[in-house]
Amino acid sequence: MKKSITKISLFILTGLIIFGCNTTKRVPDGKRLLTKNDIYVDDQKNNLEEVTNQLYQKQNSAILGYRLRLNLYNLAKPKSDSLFKAKMIKNPKRYYHKANWLSKKQVKRLGESFLYSGLDNFLRKTGEAPVILDTASTKKSLRRLKSYYYNRGYFDVTTKYKIDTIDKKKVKLRYDINTGKPYIIDSLNAYIASAPLDSIYQLRKKSSLIKTGQRYETSIFIEEKKRITEDFRNNGAFRFQQNYVSFDIDTINKKHRPNVNLVIENEIIRTEDSVQTKPFELYKISKVNIYTDHSPTNPNATVKDSATYNDFTLYSTDKLKYRPKAITDGIFVTKGNYFSDFRTSVTSRYLSNLKVFNYPLIQYVEDKSQKNSLIANVYLTPRKKYTFGFSTDFTHSNIQDFGITGNTFLSIRNVFNGAETFEIGFRGNIGSSKDLSNPNNTFFNISEIGVDAKLNFPRIFLPFKTDKIIPKTMIPYTTLSVGYSKQTNIGLDKQNFTSSLTYNWTPKRNTSFKFDLINIQFVKNLNPSNYFNIYKSSYNTVNEIAQSYPNVNPAYFDDGNLRIEDGVLAFFNDVSNGLVPVTLPDAKSLLSIAERRARLIENNLIFASNITFTKTSKKDFFDNDFFAIKAKVESAGNLLSLLARASKQLQNQNGANTFLDVEFSQYIKTEFEYIKHWDLSRKKVLAVKAFGGIAIPYGNSEDVPFSRSYFAGGTNDNRAWQSYSLGPGASGSFLDFNEANMKLTFSAEFRFNIFQQLNGAFFTDVGNIWNVLDNTEDEDYIFNGLQSLENIAVGSGFGFRYDFNFFIVRLDLGFKTYNPALEENERWFREMRFNKSVLNIGINYPF
């Protein structure tokens, strides 16, 4: 019976596909479906997107040659609501029966419902109507193609088109373009009427985008207009506009070798009944006024307080709330300098970055008391001094089966009247873990509370000046942050303290530096010996294993059970040393529990400094052709090591120095990441990411702390493995938290549009983690040079992304293509099965 149902369903589905595959099904009689556009340039086929984009009519979209959206559209019944109406008219008894049972209005809505029309409406909306040949659009496309090549220097271009009939209802178009010989610029001459502008141009004419021997391109001339205008307006030409720049292309007696004349006439002054011209003049700033509490709704409010500082005048409608220097440090429009659009722009960016004001308004008015002078008025609208918010999240992790997290934050702006911002937040968490001892059988048996504070200064906060190294134009700011949390697991009582002093600056747009002078992380467990009283399920597993082996030392037991904590640890030690042989499954269970315990009770002190450099060419959110680079170097423990030596502090039993009774970490870490996107046209993008990182312990440490180590796998890493489940090396480790101190990864992803907001992707992720230069001894874990690259894991798969405009929901299915943990002859493709795949759900793209 089940087989019959399957066959019937398959037969119906096949029939629907065949029925829908009639691509001319919805093409009216006498009309023809446009199936293809071929463009030939000088008898060579051209498929460049910028060329095909000139066409007004394009054939229906296809995925691997199959016109999915057209066939979906064809499956929909045309005017399904009208069919319902005709059905009711044909059978009035049925209509009156429904009307008596519902109502006339509801019967009408029934015809528009999903039951009768919804599926067809969905198919029409998701699908794509057939593209019917329109010769008027074809002629418009021909004109656009001609204009496209004309603007690229082919002034003699000729175009034509041809319609090829495939069958009664199908045609394809062929466009033929003969470009002819291109026009090459022979010379460039400038005729600038205003002497001040001519002087500026002559000083910078080497920067011209127009070069002799270059093929004429309209886009280059447009960019050159923009460059000249920016140059003039950044050097005092306040009244100059781009429309004053024109180019005369002289082709007389210069066939295919035109002369280019740059022409800039004098300024045009229009009065009521006449038009006059005069040379452009350069303007200087004579005065800068700063209105610190401007209100757009009450722009003429009376000024009650003012102050003068370094040629700036500050005004306030109430008592002045800011130290003048804090504001004027961000004003680059200064008295005595020439008017400059660049200075105006960087001033706006700096003031906005303070997060104390809304986007500023900067206006210029001519100073009637001085010739060629401007008064700059800077209007600042303060944001609210206090901002309060809160949020709630539900969480799940390896440790916590269920948790509720709450956060509150308070922001205070202009704390010390120097445009500083102060943020403080409180966070709390209650959770449930079935692993924990729970004698009272309470659902929530985990709790955590914490506080975080952050203070931002709009400058480099140091006892000495840094303006020569990091000028104000780089928009520097300093962040001092402190955080403390205490976690209670019914006895373990973990304390966590963090603090950092960070400097940020932006040398160029899309380029930034971040320098953590101090970055502290301090973790201490006050009651680690209570671990197995808390995590009872772990203890019960160890206890059952110990009871199953008769050669376990009886001194480890009390009343038949392993004694907490010394008995458990002694049993672990005997198993590790081979004194108590156990089966492989039991050994794996014990090792996993021991590793998990070590991570949960690990005390740590990291006192580090690091610097991060980032650079990107991405212009905006929609830019799909860009690169991004990130490099970071971190060093930890050196200062504490010097203090330990100076104080002649005693070492602990492991031979390491301590601070506050905790071993401090000492290591150097460096990492590099490169991301590149290529726009392949037609909503197709190829994206790649390469990452390499290594952290080397030395001095006081034999390994790298867990929070600074690397892991592999997960939704933004190698998607064929779950987080922490890959590596190190060929070990195929089964621990809960597999980590190491070296990582190499490379990912490539081909993204394409399926229809509307739904996108697809094929991806390959390559990489692994290894141990190197630390206390690891197992060869399967260690990176031993190039030969270790054979243990790089390969994952591949496909995914779907749905674009909600403000964020993207991502679903990826990863398959283990090459698994280095398997035997050598079983590594490739042995786990390319759905039951071995890993499903990843994420927000936004992985890189």
> Relative contact order, percent, of the stretch 709-847 when contacts are C-alpha pairs under 8 Å separated by at least 6 residues?
Replying inline: 25 percent
> Applying 1/(1 + (r/R0)^6) with R0 = 41 Å to the Cβ-Cβ distance of residue 682 and residue 384, what FRET efficiency is obtained, to the nearest 0.05?
Replying inline: 0.35
> Length gain on complete extension for the stretch residue 835 to residue 587, per 0.36 nm per residue less the alpha carbon to alpha carbon distance?
Replying inline: 86.6 nm
>> Between residue 619 and residue 364, what is the label-point separation in nm under the 7 Å Cα-to-beta-carbon projection?
In response: 2.6 nm
> So which GluC sites (Glu not before Pro) in the stretch 731-788 end up in coil per DSSP with only 11 or fewer other C-beta atoms within 10 Å?
Replying inline: 777, 779
> By how many nm would the segment from residue 779 to residue 809 lengthen if fully extended, with 0.36 nm per residue of separation less the alpha-carbon distance?
Replying inline: 6.8 nm
> Which pairs break 29 Å Cα to Cα here: 287/319; 36/255; 45/683; 368/619; 494/615; 226/615?
Replying inline: 36/255; 368/619; 494/615
> So if we plug the beta-carbon distance of residue 462 and residue 163 into 1/(1 + (r/R0)^6) with R0 = 56 Å, what FRET efficiency do we get, rounded to 0.05?
Replying inline: 0.15
>> Quick check: pseudo-label points 7 Å beyond the Cα along Cα→Cβ at residue 29 and residue 289, how many nm apart are they?
In response: 7.8 nm
> For the chain, what's the relative contact order in percent, using C-alpha pairs closer than 8 Å and at least 6 residues apart?
Replying inline: 5 percent
>> Using amide H atoms built in the peptide plane, which far-off residues or other-chain residues are under 5 Å from residue 701 H to H?
In response: 666
>> Restricting to DSSP loop positions (anything but H, G, I, E, B) with no more than 13 other Cβ atoms inside 10 Å of their own Cβ, which chymotrypsin sites (Phe, Trp or Tyr not before Pro) remain in the stretch 719-751?
In response: 734
>> Starting from 0.36 nm per residue, how many nanometres of slack lie between residue 798 and residue 134 once their C-alpha separation is accounted for?
In response: 235.2 nm
> From the phi of every residue in the stretch 28-34, what ³J(HN,Hα) in whole Hz does the Karplus formula 6.51 cos²θ - 1.76 cosθ + 1.60 yield, where θ is phi - 60° and glycine or proline is x?
Replying inline: x, 4, x, 10, 9, 7, 7
>> Once R0 is set to 25 Å, what does the formula 1/(1 + (r/R0)^6) return for the Cβ-Cβ distance between residue 508 and residue 670, expressed as a FRET efficiency to the nearest 0.05?
In response: 0.60
> In percent, how large is the relative contact order of the stretch 187-278, given Cα pairs closer than 8 Å and 6 or more residues apart?
Replying inline: 33 percent
>> Testing the spin-label approximation: label points 7 Å from Cα along Cα→Cβ at residue 341 and residue 151. State their distance in nm.
In response: 2.0 nm
> So what's the convex hull volume per residue for the Cα atoms of the chain, in Å³?
Replying inline: 333 Å³
>> To the nearest 20 Debye, how big is the dipole of the stretch 284-379 about its Cα centre, given +1 on the beta carbon of each Lys and Arg and -1 on that of each Asp and Glu?
In response: 160 debye
> the stretch 187-278: percent of C-alpha pairs farther apart than 20 Å?
Replying inline: 39 percent
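Quick note: the coordinates plus some simple rules give every number you see, no bench work behind them. All of these numbers come straight from a predicted model, not from anything done at the bench. All Cβ positions, even for glycine, are placed from backbone atoms using ideal geometry, and neighbour counts span all protein chains on display.
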